[in-house]
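Trainee: The structure follows.
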Amino acid sequence: MPIERLASLVCAVALIAALLAASPLALPGPPLPVPIDHAARFTVYSLLTLLLWKAGEMPLLALAAPLLLGALDAWRPAADAADFLAGACGVLASGALLFLQRKPVCAESSPR
C-alpha cells in the first residue's frame, strides 16, 4: 500500500471517529425526535461510507464497515430496527452513488 493511501486512510479514520463522537447519535441527553434522529443517522452513515470509499478505494470495506457499525449501534437497548434501517439506507445510497460515479461508461469515451 503506498504511503499516500495509508495517510489518507489514517486521516479518514480519524475524521470518522471525530464525526461519530460529535454526531447527535453519540451525545448524552434526551434522544432526538424520530424524524431528526433518522435523518442524522442517514447523514452520518452516508458520510462514513463516503470517507471510507475515498480513503481506500475499497468498495466492499467501505460498505461493510458502516453496516457493521450500524448493526452494533442498533444493538443498544434504546435503539430499534428503524435506527439500523436509517443508517443502512445512508450506506447503500452513498455506495450506489459512488459506484455509479466510478463506473466508466465505455472504453471509447475514456481519455487516452
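Trainee: Quick check on my filter: what residues within the range 57-68 are touching a residue at least 40 places away in the same chain (Cβ under 8 Å) and either crowded, with 19+ Cβ neighbours inside 10 Å or not in a loop (DSSP other than H, G, I, E, B) (or both)?
Mentor: Within the range 57-68, just Pro59 meets the criteria.
Trainee: Okay, moving on. Tell me, which residue of the range 51-90 that is aromatic (Phe, Trp, Tyr) and touching a helix residue (DSSP H, G or I) at 6+ places or on another chain (Cβ under 6 Å) is farthest from Pro33 (Cα to Cα)?
Mentor: Per the criteria, the residue is Trp53.
Trainee: Looking at Phe84, Phe42, can you tell me which residue is surrounded by 17 or more Cβ atoms within 10 Å (Cβ to Cβ) and closer than 18 Å to Leu98 by Cβ?
Mentor: Of Phe84, Phe42, the one residue that is surrounded by 17 or more Cβ atoms within 10 Å (Cβ to Cβ) and closer than 18 Å to Leu98 by Cβ is Phe42.
Trainee: I would also like to ask the following. Assess whether Pro31 counts as being farther than 23 Å from Arg5 by Cβ, at pLDDT below 70 and surrounded by fewer than 18 Cβ atoms within 10 Å (Cβ to Cβ).
Mentor: So Pro31 fits the description; yes.
The values are calculated or read from the model by the stated rules, or taken from the named source; none is laboratory data. Everything numeric in this text was worked out from a predicted model, so none of it was measured. Cβ atoms come from the backbone with ideal geometry, glycine included; neighbour counts cover every protein chain shown.
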